[in-house]
Amino acid sequence: MAAFTLEFIVGHVNYWLFTVLMMTGLYIVVAKGNLVKKIVGLNVFQTSVFMLYISMGKVTGGTAPIFPTDMQIDPDTVYSNPLPHVLILTAIVVGVATTSLGLALIVRIQEQFGTIEEDELLEIEKAMAAEDTRLHGEAMGGLA
């Protein structure tokens, strides 16, 4: 196994940043109880994936894949692959839509329950389930 030399570390900086950002986003989603913080964690996670794809689409010495107007194409010209960039543009649009939907749901949860903390919402849900069981338990096959 090759040693981690400075050249190796610097040459793969995009992968190191991707890994750090992805794990940071995952940690925020798993460890935090606030729903807004979970949305922020998902956005950090998503940004790390964007960065990975965009960095993989970059070709050293490559140019934009735009053909000349006279259609005299030089076969020695190196072009960058535009597909990762196009896919990421679509993913950004989907990400913005998903984030806005998540934040709209959080606003409704806040209006309905008065909190956006996961633990408090779980306690409210348990109380509501206990009340439903008390009121309608026999009709639903449970104990009243």
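Return the pairs, sorted by first residue and then second, in which the second residue is assigned to a helix (DSSP H, G or I) and of a type in the set (Asp, Glu), the first residue lies in region 2-16 and is touching a residue at least 12 places away in the same chain (Cβ under 8 Å), the beta carbons are less than 7 Å apart, and the residues are 6+ apart or on different chains.
Note: no pairs meet the criteria.
For THR69, indicate whether it is closer than 21 Å to LEU17 by Cα, exposed (fewer than 13 other Cβ atoms within 10 Å of the Cβ), at pLDDT below 95 and of a type in the set (Ser, Thr, Tyr).
For THR69, the condition - closer than 21 Å to LEU17 by Cα, exposed (fewer than 13 other Cβ atoms within 10 Å of the Cβ), at pLDDT below 95 and of a type in the set (Ser, Thr, Tyr) - is not met.
Which one of these does ASP76 not meet: (1) in contact with a helix residue (DSSP H, G or I) (Cβ under 8 Å, 6 or more places away or on another chain); (2) of a type in the set (D, E, K, R); (3) under 30 Å from GLY11 (Cα atoms)?
So ASP76 meets the others, but not (1).
State whether the residues of region 119-131 include one that is surrounded by 11 or more Cβ atoms within 10 Å (Cβ to Cβ), farther than 30 Å from LYS38 by Cβ and not charged (D, E, K, R). Walk me through it before giving the result.
Initially, region 119-131 is screened for residues surrounded by 11 or more Cβ atoms within 10 Å (Cβ to Cβ), giving 120-125, 128, 130.
Now restrict to residues that are farther than 30 Å from LYS38 by Cβ: none.
The answer is no, given that none of the residues of region 119-131 is surrounded by 11 or more Cβ atoms within 10 Å (Cβ to Cβ), farther than 30 Å from LYS38 by Cβ and not charged (D, E, K, R).
Kindly provide the set of residues from region 77-131 that are in a helix (DSSP H, G or I), within 30 Å of THR60 (Cα to Cα) and among the hydroxyl-bearing types (Ser, Thr, Tyr), ordered by number.
THR90 - this is the single residue of region 77-131 that is in a helix (DSSP H, G or I), within 30 Å of THR60 (Cα to Cα) and among the hydroxyl-bearing types (Ser, Thr, Tyr).
Would you confirm, using the coordinates I've provided, whether GLY41 is under 18 Å from the mean Cα position of the chain (by Cα) and surrounded by 14 or more Cβ atoms within 10 Å (Cβ to Cβ)?
Spelling it out, GLY41 is indeed under 18 Å from the mean Cα position of the chain (by Cα) and surrounded by 14 or more Cβ atoms within 10 Å (Cβ to Cβ).
Any residue in region 24-32 that is of a type in the set (Ser, Thr, Tyr) and outside the structural domain of VAL94 (by TED's automatic domain parsing)?
no
Do we find that GLY41 is free of Cβ contacts under 8 Å to residues at least 24 places away in the same chain and not in a helix (DSSP H, G or I) in this structure?
Spelling it out, it is not the case that GLY41 is free of Cβ contacts under 8 Å to residues at least 24 places away in the same chain and not in a helix (DSSP H, G or I).
The values are calculated or read from the model by the stated rules, or taken from the named source; none is laboratory data. Keep in mind it's a predicted model, so treat the numbers as computed, not measured. Note that each Cβ is placed from the backbone with ideal geometry, even for glycine, and that neighbours are counted across all protein chains shown.
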